[in-house]
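Structure record follows, encoded as structure tokens.
Bear in mind that the values in this text are calculations on the coordinates, not laboratory data. What you see is a predicted model; the values in this text were computed from it and never measured. Please note: Cβ atoms are built from the backbone with ideal geometry, for glycine as well, and neighbour counts cover all protein chains shown.
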Amino acid sequence: MSGINNLARDSVKAITPYASARRSMSGGSVWLNANENALAAEYHLHGNYNRYPECQPPALIGAYANYAGVDTTQVLVSRGADEGIELLIRSFCEPGLDRVVICPPTYGMYAISAQSNQVQCSVVPLLADFTLDVAAIKATEHTKLVFICSPNNPTGDLIPREQIVEVLEFYKETALVVVDEAYIEFAPNATTVDLLASYPNLVILRTLSKAFALAGLRCGFTIAAANIINALKQMIAPYPLAAPVAEIAVQALSSQGQQRMLQSVSIINALRDDFIEFARGISAFKQVYASNANYVLLQVNDAAAWVNAIASDGILVRNQSSQLGLSQVIRVSIGSPEEMQLLKTSIQRYAGTL
Ligand SMILES: Cc1ncc(COP(=O)(O)O)c(C=O)c1O
């Protein structure tokens, strides 16, 4: 049996899987640890499922292209934005030769997808003000993909548009610049979609997991020039989306669905601003970061103690202290009004002791 256990590729054995919120913390009744949207809608299925689904369902591609303001040839749908990240690395990076640039603290899946495909990362930390170190990005070698997350997870800040443009310009002929807009609906003016017309090397990642409150659906989008989308279609599985997923996603993108999404974004943004004001009044929080998304980063004296204390009240938040460039920070996702009230009460209970 131990022989069988050893059969996995060495590169696979070396991987520490992404510690997703669902994998790393269980229990609790208030989940504020995965940047989900607590304001869920109900969906109903109408179809038969005896046939294989389309690889890229035209109704869904059409609905998303329309929502994003791009052409249908510029859209790929996948199992979450996570699959978009994976497909980009598999389609564009030669293992052992090409590299991807990541700018931590940032979303962990870029590095994990690269590692699992034996693609090396050039790590260019964000500067102290959480903007890009553009000079250091330009100095990297063998770069094929640059991942820029804006709004950035977990810091909540926006990467300045002029920096994104500078990186796009520098790599116009040589590399793709991937702007991860998973949280863009919370700061819609910051989208880079308009830059697609000028930069054929721009790739934008989107998802229904956040503002659209459909993390359980696993549905994300890659937006880019048609030739990039075609390269990704070469690598994608023949039936990546279950038919019920496409059916629900089309409902979410209907005008009624978009209206509901906009309402939930305005509720969440108001709850976030209220929570930031509350948190700035708690002296145990050494720093409360500004946020353009549905989460807030807080710096404390002892992040593990805070996570455990709040968890003992049934509320799960995320310790982000292991991220390069961050120390003793917790990330709180914005939940429903009731959940935020429970969180505030819990914080007040421990604020004097931690
Ligand atoms: C910045 C960022 N990009 C992508 C994703 C993955 O999104 P999806 O649920 O569509 O795979 C997440 C999920 O938390 C994220 O925070």
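Of Trp306, Ala249, Val265, which is farthest along the charge dipole of segment 226-319 in the positive direction, counting Lys and Arg as +1 and Asp and Glu as -1 at C-beta? Most positive-ward Cα: Ala249.
In terms of overall dimensions, the chain has a Cα radius of gyration and Dmax of 20.4, 60 angstrom.
Of all lysines in the structure, those lying under 27 Å Cα to Cα from Lys172, and not within fewer than 8 positions of it along the same chain, are Lys138, Lys144, Lys233. Dipole size in debye (nearest 20) for segment 98-226 around its Cα centre, Lys and Arg Cβ +1, Asp and Glu Cβ -1? In total the dipole reaches around 400 debye.
With only Lys, Arg, Asp and Glu charged, each at its Cβ (+1 for the first two, -1 for the last two), find how big the charge dipole of segment 169-233 is about the Cα centre; round to the nearest 20 debye.
Numbers: 5 positive and 6 negative charges, 60 e Å.
Rounded to the nearest 20 debye, it is 280 debye.
Could you compute the longest span of the chain free of GluC sites (Glu not before Pro) located in DSSP loops and having at most 11 other Cβ atoms within 10 Å, not counting the site residues? It runs 174-354. For Val146, the residues whose modelled amide H falls within less than 5 Å of its own, excluding neighbours fewer than 5 places apart on the same chain, are Val101, Leu176, Val177, Val178.
Only DSSP H runs of four or more residues enter the estimate; each adds -39500 (n - 2.57), and after division by the residues of the chain the mean residue ellipticity at 222 nm equals -10500 deg cm²/dmol. Placing R0 at 41 angstrom, the Cβ-Cβ distance between Glu277 and Val250 gives a FRET efficiency of 0.60 after rounding to 0.05.
Stretch Arg161-Leu127 to full length: gain in nm at 0.36 nm per residue minus the Cα-Cα span? Don't skip to the answer; put the middle values down first.
Details: separation 34, 0.36 × 34 = 12.24 nm, distance 1.56 nm.
Result: 10.7 nm gained on full extension.
Around the Cα centre of the chain, unit charges on the Cβ atoms of Lys, Arg, Asp and Glu (plus for the first two, minus for the last two) sum to a dipole of about 680 debye. Scan the chain and hand back the longest stretch that contains none of the chymotrypsin sites (Phe, Trp or Tyr not before Pro) lying in DSSP loops with at most 16 other Cβ atoms within 10 Å. Between exposed loop sites, the widest span is 50-354.
Rounded to the nearest 5, the antiparallel percentage of DSSP beta bridges internal to the chain is 50%. A crude spin-label estimate for the pair Ile4 and Thr73, with each label 7 Å from Cα along the Cβ direction, gives 5.0 nm.
With r as the distance between the Cβ atoms of Thr345 and Gln287 and R0 = 25 Å, compute the FRET efficiency 1/(1 + (r/R0)^6) and round to 0.05. That gives a FRET efficiency of 0.70.
Near Lys286, which lysines are there with a Cα under 30 Å away, not counting those fewer than 8 places off in the same chain? Counting by Cα, and skipping residues close in sequence, Lys286 has these lysines nearby: Lys210, Lys344.
Distances between placed amide hydrogens fall under 5 Å for Thr207 paired with Phe221, all partners being 5 or more residues away or on another chain.
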